[in-house]
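K.L.:
Pasting a structure below so you can have a look.
The values are calculated or read from the model by the stated rules, or taken from the named source; none is laboratory data. None of the values given here were measured: they were computed from a predicted structure. Positions of Cβ are backbone-derived with ideal geometry, glycine not excepted, and every protein chain shown enters the neighbour counts.
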Amino acid sequence: MIKITLPDGSVKEFKSGVTGHEIALSISEGLARNVLSAKVNGEVWDSSRPIHEDADVQLLTWNDEDGKATFWHSSAHLMAEALEAMYPGVKFWVGPAVENGFYYDVDFGGQSFSSDDFEKIEKKMLELAREKNEYLRKEISKADAVAYFEEKGDEYKLDLIERLEDGDITLYTQGGFTDLCRGPHVPHTGIIKAVKLTNVAGAYWKGDENNKQLTRLYGVSFPKQKELKEYLERVEEAKKRDHRKLGKELELFTFSEKVGMGLPLWLPKGTILRERLENFMRRAQIKAGYDPVVSPHIGSKQLYVTSGHYEKYGEDSFQPINTPSEGEEFLLKPMNCPHHCEIYKARPKSYRDLPVRFAEFGTVYRYEQSGELHGLTRVRGFTQDDAHIFCRPDQVKDEFIKVIDLVLYTFKALGFENYTAQVSLRDPENKSKYIGDDELWDKAEREIQEAADERNLVTVRELGEAAFYGPKLDFMVKDALGRSWQLGTIQVDYNLPERFELEYTGADNQKHRPVMIHRAPFGSMERFVALLIEHCGGDFPLWLAPEQLTILPISEKYQDYAEELSMILSEKDIRGSVDNRDEKIGRKIRDAEVNKTPFMLIVGESEAKDRTVSVRRHGQGDLGSMSINDFIDHFSKESAI
Ligand SMILES: [Zn+2]
Ligand SMILES: [Zn+2]
């Protein structure tokens, strides 16, 4: 008998040789049907593979990342089986699971292939899936493996075998297809119910451009037809919400090759949106006790030598700026922190002065390769909603709680309801890697967790994920399409106070080092606006919308009333414009809907006479007639944060 420990801590006894599938069966038949693979002592195995010693076992289903990976990798085998049946002599390199599906690198040996062939391959895959062929694992000697693939004339698999140890080689066969693979795979092909090939691209063998170019064929698969349908809908929706597309349509920002790649230009509407966000954060920060500061866009090279940034990034980023005077060198600011350290030093500090919190919407510049640039999410110049808190070690926990509150307030105001937090800690086995006092680290790590717990955050703890200079807390936010974005990092830093020799005078009249905390709830204005556009699909919360309403006179006769209305509303800080075009009212309404303008106020004869407005709300339709004051009340209620 052997002891199997399940994730909930329960221990069950089984005969040696028990499989993941049998363990699942002992729990329920439903579970057994859904088990795709099993994690045995940390390694993912076929659910049909016998276990011969005491082990920790986690049964993996579609709901586990590792289970999904098993499913998708098995689908790559199924695709290879279909291809081998349809394109005789085709050869395969590697076929891993990836973030959203799987791919296989294929040598078609000169046979023509294009995305027009996707459909018939999908059909063949499903036909083979319905045969419910088992994925059979076979251990094989190196000599036998070489003989098998030499016979087949497959130089790719022979290349892989060369690097494998004898005794560590397995083949998997499903139906008529055999592949060299270490596994694991799902029990049989019948589990794969829906398949979609998504992309085809060239890929050099082993990523080396001197090698032959193979065809990389991407696909995705699901255990239910319904899930494929939902997936395709999400892909469609993501395309519609792409911030680059909406940014252009809604006239928020643009790029110009003449200005330079990766350097966004904010158009008037985008600027209003961005300023609204900045003002929101400014107000929240003033309430939370921050002091605004401003620092220049460049700094002496020596500043970044002191901070360590030059040593770390100097070679791979923008190069120093030289001046006509000899020996002067400046760098574009890659980080605001060094400037803020010098601001801290402007005046001597006592323990009673701390904490100090310096906030700046600081624009920084970092070189990104042109191929890495992407809309507003990867740019070469961006503005952080940055702040640095300098505090005593006994204030770290309180400061963390305050920053967590600020981050959560931001998420709430912007409609992000789905988030988790990650606490990144030291690698306890390797403490010498980290700078700073051992006791301080222990205390800070404990207090970050306590701060998160006090605010009921769901956290995961990651050992070894801390920076060398301090532990941190990151938020992972899910957008409306379920995609994860990292936001709102709060980072403890023991390094910069040391490098800049920051001090305060303690109650004991001795000099002490403050602790520095970096934080930026939005991260950067650019990336955050991109996220916001994609999260709300351009339908911004009312308080943020660049144009909150448009006034639509039915004809020229009511233009004066429309203009007067516009003045009254703008005095109430309600932003909008009058659509004076000589167009039919139906057309004006359609255009306002396309622009996602939240409110449309239609004015004609009776409105002008009674001093009312006829109100339409984007996404809701007609709200009827209201007096001007009633509309202002209605608007204020909805736009309150
Ligand atoms: Zn495999
Ligand atoms: Zn910083």
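K.L.:
Taking the range 430-457, which residues are in a helix (DSSP H, G or I), of a type in the set (Gly, Ala, Ser) and more than 28 Å from Val477 (Cβ to Cβ)?
P.N.:
Listed by number, the list holds a single entry, Ser432.
K.L.:
Then there is this: Would you check if there is a residue in the range 146-168 being over 23 Å from Leu214 (Cβ atoms) and in contact with a Ser or Thr (Cβ under 7 Å, 6 or more places away or on another chain)?
P.N.:
yes
K.L.:
Among the residues that make up the range 47-69, is at least one of them among the polar types (S, T, N, Q) and closer than 30 Å to Ala203 by Cα?
P.N.:
The answer is no; no qualifying residue exists.
K.L.:
Same structure, new question: Among the residues of the range 483-510, write down those that are within 13 Å of ligand 2 (Cβ to nearest atom) and either β-branched (Val, Ile, Thr) or over 33 Å from the mean Cα position of the chain (by Cα) (or both).
P.N.:
Those that are within 13 Å of ligand 2 (Cβ to nearest atom) and either β-branched (Val, Ile, Thr) or over 33 Å from the mean Cα position of the chain (by Cα) (or both): Thr489, Ile490, Val492, Phe500.
K.L.:
Quick check, is Thr215 under 28 Å from Ala145 (Cβ atoms), of a type in the set (Ser, Thr, Tyr), away from ligand 2 (no atom under 16 Å from the Cβ) and in contact with a helix residue (DSSP H, G or I) (Cβ under 6 Å, 6 or more places away or on another chain)?
P.N.:
So Thr215 does not fit the description; no.
K.L.:
Would you check which residues across the range 188-228 are over 24 Å from the mean Cα position of the chain (by Cα) and either in a helix (DSSP H, G or I) or among the β-branched types (Val, Ile, Thr) (or both) and list them?
P.N.:
Result: Thr189, Gly190, Ile191, Ile192, Val195, Val200, Trp205, Lys206, Gly207, Thr215, Gln225, Lys226.
K.L.:
Tell me the residue from His340, His297, His309 that is farther than 24 Å from Val492 by Cα, touching a strand residue (DSSP E or B) at 6+ places or on another chain (Cβ under 9 Å) and touching a residue at least 12 places away in the same chain (Cβ under 8 Å), please.
P.N.:
His297
K.L.:
Hey, any hits in the range 410-428 for a residue that's surrounded by fewer than 20 Cβ atoms within 10 Å (Cβ to Cβ), assigned to a loop (DSSP other than H, G, I, E, B), away from ligand 2 (no atom under 16 Å from the Cβ) and β-branched (Val, Ile, Thr)?
P.N.:
No - not one qualifying residue is present in the range 410-428.
K.L.:
Somewhere in the range 363-383, is a residue closer than 21 Å to Gly262 by Cα, in contact (Cβ under 8 Å) with a residue 12 or more places away in the chain, in a strand (DSSP E or B) and basic (Lys, Arg)?
P.N.:
Checked against the condition, which is being closer than 21 Å to Gly262 by Cα, in contact (Cβ under 8 Å) with a residue 12 or more places away in the chain, in a strand (DSSP E or B) and basic (Lys, Arg), the range 363-383 yields at least one hit.
K.L.:
Within the range 189-234, count every residue that is exposed (fewer than 15 other Cβ atoms within 10 Å of the Cβ) and aliphatic (A, V, I, L, M).
P.N.:
2
K.L.:
Which numbered condition in (1) under 39 Å from the mean Cα position of the chain (by Cα); (2) at pLDDT below 95 is the only one that Asn580 fails?
P.N.:
The failed condition is (1).
K.L.:
Only one of Leu565, Leu601 is more than 19 Å from Phe280 (Cα to Cα), in a strand (DSSP E or B) and in contact (Cβ under 8 Å) with a residue 24 or more places away in the chain. Can you tell me which?
P.N.:
Going through Leu565, Leu601 in turn, the sole match is Leu601.
K.L.:
What number of residues within the range 315-337 satisfy the criterion of being touching a residue at least 12 places away in the same chain (Cβ under 8 Å) and either within 16 Å of ligand 2 (Cβ to nearest atom) or not in a loop (DSSP other than H, G, I, E, B) (or both)?
P.N.:
So the answer is 11.
K.L.:
May I pose another question? Return the total of residues in the range 321-343 being farther than 22 Å from Asp385 by Cα and surrounded by fewer than 17 Cβ atoms within 10 Å (Cβ to Cβ).
P.N.:
9
K.L.:
Here's something else I'd like to know. Being at pLDDT below 95 and of a type in the set (A, V, I, L, M) is the filter; apply it to the range 583-604 and report the residue that is nearest to the chain's Cα centre (by Cα).
P.N.:
Val594
K.L.:
Can you name the number of the only condition in (1) part of a strand (DSSP E or B); (2) closer than 30 Å to Asp493 by Cβ; (3) touching a Lys or Arg at 6+ places or on another chain (Cβ under 8 Å) that Leu552 fails?
P.N.:
(2)
K.L.:
A further question follows. Can you give me the number of residues within the range 175-224 that are within 16 Å of ligand 1 (Cβ to nearest atom) and acidic (Asp, Glu)?
P.N.:
Residues that pass the stated criteria total 1.
K.L.:
Find all pairs meeting these conditions: Cβ atoms under 9 angstrom apart; at least six residues apart or on different chains; first residue within the range 172-185 and part of a loop (DSSP other than H, G, I, E, B); second residue of a type in the set (Lys, Arg) and away from ligand 2 (no atom under 16 Å from the Cβ).
P.N.:
Cβ pairs passing all conditions: Cys181/Arg137; Gly183/Arg49; Gly183/Arg137; Pro184/Arg49; Pro184/Arg137; His185/Arg137.
K.L.:
If I ask for residues that are under 33 Å from the mean Cα position of the chain (by Cα) and either hydrophobic (A, V, I, L, M, F, W, C) or within 16 Å of ligand 2 (Cβ to nearest atom) (or both), which ones from the range 170-187 would you list?
P.N.:
Cys181, Val186 - these are the residues of the range 170-187 that are under 33 Å from the mean Cα position of the chain (by Cα) and either hydrophobic (A, V, I, L, M, F, W, C) or within 16 Å of ligand 2 (Cβ to nearest atom) (or both).
A quick yes/no check of all residues on (1) more than 35 Å from the chain's Cα centre (by Cα); (2) surrounded by fewer than 20 Cβ atoms within 10 Å (Cβ to Cβ):
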| residue | (1), (2) |
| --- | --- |
| Gly42 | no, yes |
| Glu53 | yes, yes |
| Asp56 | no, yes |
| Glu65 | no, yes |
| Lys68 | no, no |
| His73 | no, no |
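K.L.:
Tell me which of these Thr70 doesn't satisfy, since it passes every other one: (1) assigned to a helix (DSSP H, G or I); (2) over 15 Å from Pro223 (Cα atoms).
P.N.:
(2)
This table checks each residue for (1) of a type outside the set (S, T, N, Q); (2) under 18 Å from Ser221 (Cβ atoms).
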{"position": "Val11", "(1), (2)": "yes, no"}
{"position": "Ile23", "(1), (2)": "yes, no"}
{"position": "Glu29", "(1), (2)": "yes, no"}
{"position": "Ala32", "(1), (2)": "yes, no"}
{"position": "Leu36", "(1), (2)": "yes, yes"}
{"position": "His52", "(1), (2)": "yes, no"}
{"position": "Gln58", "(1), (2)": "no, no"}
{"position": "Asn63", "(1), (2)": "no, yes"}
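K.L.:
Quick one: would you say Arg513 is within 16 Å of ligand 2 (Cβ to nearest atom) and of a type in the set (Lys, Arg)?
P.N.:
no
K.L.:
Here is a follow-up. Inspect all residues belonging to the range 560-577 and state whether any of them is touching a Gly at 6+ places or on another chain (Cβ under 7 Å) and either surrounded by 15 or more Cβ atoms within 10 Å (Cβ to Cβ) or modelled with pLDDT of 95 or more (or both).
P.N.:
Within the range 560-577, one or more residues are touching a Gly at 6+ places or on another chain (Cβ under 7 Å) and either surrounded by 15 or more Cβ atoms within 10 Å (Cβ to Cβ) or modelled with pLDDT of 95 or more (or both).
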